[in-house]
Amino acid sequence: LDAGILASTGQEGFREKLTVAHHRHLETINQLMPAGQQDALKKLVNAAFSELQELCHGMYMLGEITPRSKDRLSHYGEWLSSQIITAAAQVSGLPATWLDSRDLIQTNSNYTYAEVNFSSTNQRIQQAIAATTNFPVIAPGFIARDAHGITTTLGRGGSDYTAAIFAAALDARVLEIWTDVSGMMTADPRVTSNAKIIPAISYQEAMELSHFGAKVIYPPTIVPVMHKRIPVWIKNTFAPADHGTVIL
């Protein structure tokens, strides 16, 4: 997105931004994959960044960035990283399957904050999982498609929302959101020193906290699982033994 904004304002620095991101993806592949099994992934990444250069060059020439082009630009992050993680899982002996969320989650054309067509989406997810033999399934969050096949995104924080959409469609036993804090807190710890983790909270209270600025969970995430009464655990990736917060 930084590259797109630079390009749309006529700044050549967009090329350097993309180069840095490109190298970061290639270095991640070097770290995660054996040398003899990197070629297919690197080809995928190279092709994606070639498309990104063309996309940003178009913005540079036009001098604008539209909501639709923002979605096209920003989808590459989750789309690429989820495929790299899937390949790494497979190499480590985990028989993972990658599914493209854009084939499963259908939305309207409200780019950058698309609304989900749940009847179509639920059916697609259920059919895709029923046809899958190798688990776990890994899918990119945040991204979807509209009825015309054009890439859309679900808004900032949309990866959690994607997880909730899958959980609700599949009547999951529980939805886990792994983040960088140990749950929802009684106050903003940057403002008050005696903020404490809330061990359990209702769906309604969690939504209220989210709407009033708690960034631990994206507000739309709660809606699909609340209708199915599926508990949501917020857990800390860096402190997995911590209790976290359960929303129920």
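The values are calculated or read from the model by the stated rules, or taken from the named source; none is laboratory data. Treat the numbers as computed from the prediction; the structure is a model and nothing was measured. Note that each Cβ is placed from the backbone with ideal geometry, even for glycine, and that neighbours are counted across all protein chains shown. For accessibility, only protein heavy atoms count, side chains too; no ligands or nucleic acids. Shrake-Rupley method; radii C 1.70, N 1.55, O 1.52, S 1.80 Å.
Report summary: the helix-based calculation at 222 nm, which adds -39500 (n - 2.57) for every DSSP H run with n ≥ 4 and divides by the residues of the chain, gives -15000 deg cm²/dmol. Of the residues Thr162, Leu18, Ala200, the one whose Cα sits farthest towards the positive end of the charge dipole of the chain is Ala200 (charges of +1 on Lys and Arg Cβ, -1 on Asp and Glu Cβ, taken about the Cα centre).
Taking a spot 7 Å from the Cα of Ala239 along the direction of its beta carbon, which residues of the stretch 184-214 have an amide N less than 18 Å from it? Label zone hits: 184-201.
With r as the distance between the Cβ atoms of Ala35 and Arg156 and R0 = 41 Å, compute the FRET efficiency 1/(1 + (r/R0)^6) and round to 0.05. The value I calculate is 0.65. Between the beta carbons of Asp100 and Leu62, assuming R0 = 25 Å, the FRET efficiency works out to 0.30 to the nearest 0.05. Taking GluC sites (Glu not before Pro) in DSSP loop conformation with at most 16 other Cβ atoms inside 10 Å as exposed sites, the chain has its longest uninterrupted site-free stretch at 116-248. Taking every full run of DSSP H in the chain, the ones that stretch at least 18 Å from end to end by Cα along their long axis and average -1.0 or higher on the Kyte-Doolittle scale are 14-32, 39-62, 67-91. Here the Gaussian network model covers the chain, with springs between Cα atoms less than 10 Å apart; of Thr151, Thr107, Thr66, Thr66 fluctuates the most.
Out of Asp103, Asp146, Asp39, any idea which swings most in a Gaussian network model of the chain, alpha carbons joined below 10 Å? Maximum fluctuation in the GNM of the chain, among the listed residues, is at Asp39.
Just to be sure I understand: of the beta bridges DSSP finds with both ends in the stretch 96-214, what percent are antiparallel, rounded to 5?
Numbers: 5 of 9 bridges.
The answer is about 55 percent antiparallel.
Taking amide H atoms as placed 1.01 Å from N in the peptide plane, the amide H of Ala200 lies under 5 Å from those of Val246, each 5 or more residues away in sequence or on another chain. Annotation: amide H-H contacts under 5 Å for Trp233 (H modelled 1.01 Å from N, sequence separation of 5 or more, or interchain): Leu175, Glu176, Ile177, Ile247. The radius of gyration of the Cα set in the stretch 148-192, together with its Dmax, comes out at 14.9, 48 angstrom. Amide H contacts under 5 Å for Ala96: Gln90, restricted to partners 5 or more places along the chain or on a different chain, H placed in the peptide plane at 1.01 Å from N.
Using the Cβ-Cβ distance between Asp188 and Val137 with R0 set to 45 Å, the FRET efficiency works out to roughly 0.80. When the alpha carbon gyration tensor of the stretch 80-184 is reduced to an equivalent ellipsoid, its three semi-axes come out at 22, 17, 14 angstrom, largest first.
In whole angstrom, the chain maps to an equivalent ellipsoid with semi-axes of 31, 23, 20, each derived as √(5λ) from the alpha carbon gyration tensor and ordered largest first.
Of the chymotrypsin sites (Phe, Trp or Tyr not before Pro) found in the stretch 186-236, those that fall in a DSSP loop while having at most 10 other beta-carbon atoms within 10 Å are Phe212. With all protein chains in place and a 1.4 Å probe, the accessible surface of the chain carries 55 percent carbon and sulfur. Per residue, the accessible area of the stretch 161-224 comes to 55 Å², computed with a 1.4 Å probe over protein heavy atoms only. Largest to smallest in accessible area, the residues His75, His227, His243 fall in the order His227, His243, His75 (1.4 Å probe, all protein chains included). Taking the centroid of alpha carbons for each part, the stretch 1-56 and the stretch 105-134 are 27 Å apart. Per-residue Karplus couplings for the stretch 234-248, computed as 6.51 cos²θ - 1.76 cosθ + 1.60 with θ equal to phi - 60°, are listed in order as 9, 10, 9, 4, 8, 9, x, 7, 5, 4, x, 10, 10, 9, 7 Hz, Gly and Pro entered as x.
Once you sort the root eigenvalues of the Cα gyration tensor of the stretch 1-136 as a ≥ b ≥ c, which label holds: rounded (a/c under 1.5), prolate (a/b larger than b/c) or oblate (the other case)? Because a/c hits 1.5 or more and a/b fails to exceed b/c, the stretch 1-136 counts as oblate. Applying 0.36 nm per residue to the separation of Thr179 and His23 and subtracting their alpha-carbon distance, the gain on full extension is 53.6 nm.
With 0.36 nm allotted per residue and the present C-alpha distance subtracted, the Ser81-Ser50 stretch has 9.5 nm of extension available.
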